[in-house]
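Shown next, in structure tokens, is the structure this report addresses.
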Amino acid sequence: MRIGRAPEGHINSLDWKGRKIVLEDLSALHASHQDSLVIIATGPSVKILDLKKLAHFKALGVNGAYYLCDSIKFYYYVIIDRDFVKYRHEVVHRIIQDQNLILFITIHCLHDIFITMGCDTIKCRITIVEDIRYKVFQAHVTLANYAKKSHLLSGMSLAPGNNNIGFCQDIRQGVIDAATVSYWALQIAYYLGARTIFIAGVDMTNFSAPRFYENETDIMQNSLESSFQSLIKPSFLHSSRIMQKENVVVYNLSPNSALGSEIFKKILLNDT
């Protein structure tokens with residue numbers, strides 16, 4: 001695998017075993033979505049949503065949210081979990097076959113898809129996203145050291161007093177991880193230009209419960225519970241302050257979400 005990088009730092013060219021892979025221009029996607037956007041995650045609360053009302057919004061899905069594709073039109077998608085690619089072949093195959101999607105994906109997940117399904121299987125549009133601390137073929141850096149050493153700082157904000165918490169407004173520099181794909185999706189939605197963002201299925205409660213598309217015998221394990229208080233919750237709190245500063249409105253559609261109203265206002269679809 002060979003990659004090339006744009007001056008802003010993101011991967012803008014990819015060769016896979018001598019074959020050039022067409023990538024979407026991440027710079028061209030900046031501020032390209034001047035509309036409301038709903039991020040659909042996979043918590044159990046998705047089951048109680050009115051999908052007819054949800055379908056009025058353009059959607060950005062993560063992981064297994066695509067099981068709603070008969071009711072929801074997805075414009076954007078995010079896959080960063082290699083285990084999801086490994087254990088959810090059927091839905092991953094459907095996602096990459098959707099010609100109307102822009103898929104934000106890590107190099108590692110894309111590599112796994114190429115190995116298991118082949119390059120020709122992919123019909124969606126692809127753009128590469130990276131964890132800002134673990135860029136491909138670059139040495140690992142902490143957020144604190146990145147902030148000190150990098151000259152590409154225009155989009156990164158670290159939480160006061162905690163350099164492990166951050167938010168990146170320019171995902172060409174990378175995305176700041178917070179142990180959940182939903183946090184990547186929020187940074188991507190901001191970068192795309194959405195001024196009103198709804199988040200659905202980000203419950204962060206009863207972590208052992210099946211996702212909305214799973215059953216008790218078919219649950220993929222996760223580490224959300226161990227990271228919630230130390231990383232996930234403070235990261236979303238930090239992001240909420242940035243959103244307020246930038247006049248981006250975020251609503252949480254999960255009424256019992258552990259992300260309280262002090263982070264994002266909780267509403268019902270009937271309120272929109």
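The values are calculated or read from the model by the stated rules, or taken from the named source; none is laboratory data. Model, not experiment: these values are computed from the prediction. Each accessible area value is taken on the protein alone, full model and side chains, heavy atoms only, with ligands, DNA and RNA left out. Shrake-Rupley method; radii C 1.70, N 1.55, O 1.52, S 1.80 Å.
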By accessible area with a 1.4 Å probe, ligands and nucleic acids excluded, highest first: order of His33, His108: His108, His33
With a 1.4 Å probe and all protein chains left in place, how much of the accessible area of the stretch 76-174 comes from carbon and sulfur atoms, in whole percent? 48
Per residue, how much accessible area does the stretch 153-272 have with a 1.4 Å probe, in Å²? 42
Springs between alpha-carbon pairs under 10 angstrom, Gaussian network model over the chain: which of Asn100, Asn247, Asn256 fluctuates most? Asn247
Of Ser230, Ser157, Ser240, which is the most mobile in a GNM of the chain whose springs link Cα atoms less than 10 angstrom apart? Ser230
Reach of Lys47 by Cα under 13 Å, taken over aspartates and glutamates that are not fewer than 8 positions away in the same chain: Asp203, Glu214
Shape call for the stretch 134-200, from the Cα gyration tensor axes a ≥ b ≥ c (a/c under 1.5 means rounded, otherwise prolate when a/b beats b/c, else oblate), comes out prolate
Bridge orientation stat for the chain from DSSP, antiparallel percent rounded to 5, came to 30
Top mean-square fluctuation among Val78, Val38, Val141, Gaussian network model of the chain, C-alpha springs under 10 Å? Val141
With every protein chain kept in place and ligands, DNA and RNA left out, what is the accessible area per residue of the stretch 29-96? Probe 1.4 Å, answer in Å². 44
